Amino acid sequence: MDADMAAVKTGTSTVGICFDGGVVVGADHRATMGHFVANKSVKKLFRIADNLALTTAGLVGHAQSLSRTLAAEMSLFELKRGQQMTVKGAATMTANILVGRPHWVQLLIAGVDDTGGSVYSIDSAGGSIPDEYCATGSGSPYMYGVLEDQFKSGMTEKEALKVAAKALLASAQRDAASGNGMDLAVITQKNRFPTIGRNRTRRIAQAVLIFPAHAPSSPHL
């Protein structure tokens, strides 16, 4: 790894799930520097527009810079066009930025538009792939096990929240670079980007807990 890449990395587990009427997005809180837990409350889930969310894995500085750039671009688009950018449009813009200047990140762009809910996974070189559910970061192998087992088309918001929480808990249990709690948000046509409060997030996580609460290795919620 180059010297300029040897910085704080989010390690990370992030997830995006489409359900009937919208999308659920989630991310953990841990940032690492090598084997050291550098921070336990890093923000990896960003609102870039009322209908769009960004989740980030990779270098913290690159992730934060991109979140600011994308939020500004979405606002500028709305001012010029008088309408919100589509999810596909936001994913394409993000991919084009990364093609022009690669960042040490893996992203999810998730949101709703006239076509419904969508989730796009975007790699550091600008590759953009849509899917009904996506996971990114070092915890993604553990998350995909949960997602592939429990995702179903036409899920309700409540079902999607539970699957997202369970996936994040699975990664926190097995991935040393993920954990220290989670953020969850729901985006629908009716309710644009209400974040899930800490107390409700805790209740959702406790409801799907996949290991004994007293286990010594249990991640803190």
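For MET33, indicate whether it is at pLDDT 95 or above and either among the aliphatic types (A, V, I, L, M) or out of contact with any strand residue (DSSP E or B) (no Cβ under 7 Å at 6 or more places or on another chain) (or both).
No, not satisfied.
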Would you mind telling me which numbered condition in (1) over 22 Å from SER178 (Cβ atoms); (2) outside any strand (DSSP E or B); (3) not β-branched (Val, Ile, Thr) SER138 fails?
(1)
For ARG174, are the conditions met, namely being charged (D, E, K, R) and without any contact (Cβ under 8 Å) to a residue 24 or more places away in the chain?
no
Would you be able to say whether some residue in region 138-148 is under 13 Å from the mean Cα position of the chain (by Cα), within 26 Å of ALA71 (Cα to Cα), modelled with pLDDT of 90 or more and of a type in the set (A, V, I, L, M)?
no
Checking ALA176 against (1) hydrophobic (A, V, I, L, M, F, W, C); (2) modelled with pLDDT under 95; (3) surrounded by 19 or more Cβ atoms within 10 Å (Cβ to Cβ), which test does it fail?
(3)
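I'm trying to understand the selection: among the residues of region 22-74, which are of a type in the set (S, T, N, Q) and either buried (at least 19 other Cβ atoms within 10 Å of the Cβ) or under 11 Å from the mean Cα position of the chain (by Cα) (or both)?
First, pick out the residues of region 22-74 that are of a type in the set (S, T, N, Q): 32, 39, 41, 51, 55-56, 64-65, 67, 69.
Across region 22-74, the qualifying residues are THR32, ASN51, THR55, THR56, SER67.
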Residues (within 20 Å of ALA91 (Cβ to Cβ) and free of Cβ contacts under 8 Å to residues at least 24 places away in the same chain) located in region 36-64:
GLN64
For region 78-88: of the residues being surrounded by fewer than 20 Cβ atoms within 10 Å (Cβ to Cβ) and touching a residue at least 12 places away in the same chain (Cβ under 8 Å), which is farthest from THR32 (Cα to Cα)?
GLU78
All but one of (1) in contact with a helix residue (DSSP H, G or I) (Cβ under 8 Å, 6 or more places away or on another chain); (2) touching a residue at least 24 places away in the same chain (Cβ under 8 Å) hold for SER75; which doesn't?
(1)
Being touching a residue at least 40 places away in the same chain (Cβ under 8 Å) and either polar (S, T, N, Q) or in a loop (DSSP other than H, G, I, E, B) (or both) is the filter here; which residues of region 26-35 pass it?
HIS29, ARG30, THR32, HIS35
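The values are calculated or read from the model by the stated rules, or taken from the named source; none is laboratory data. Note that the structure is predicted; figures quoted are calculated from it, not measured. Every residue, glycine as well, gets a Cβ built from its backbone with ideal geometry; the counts of neighbours run over all protein chains shown.
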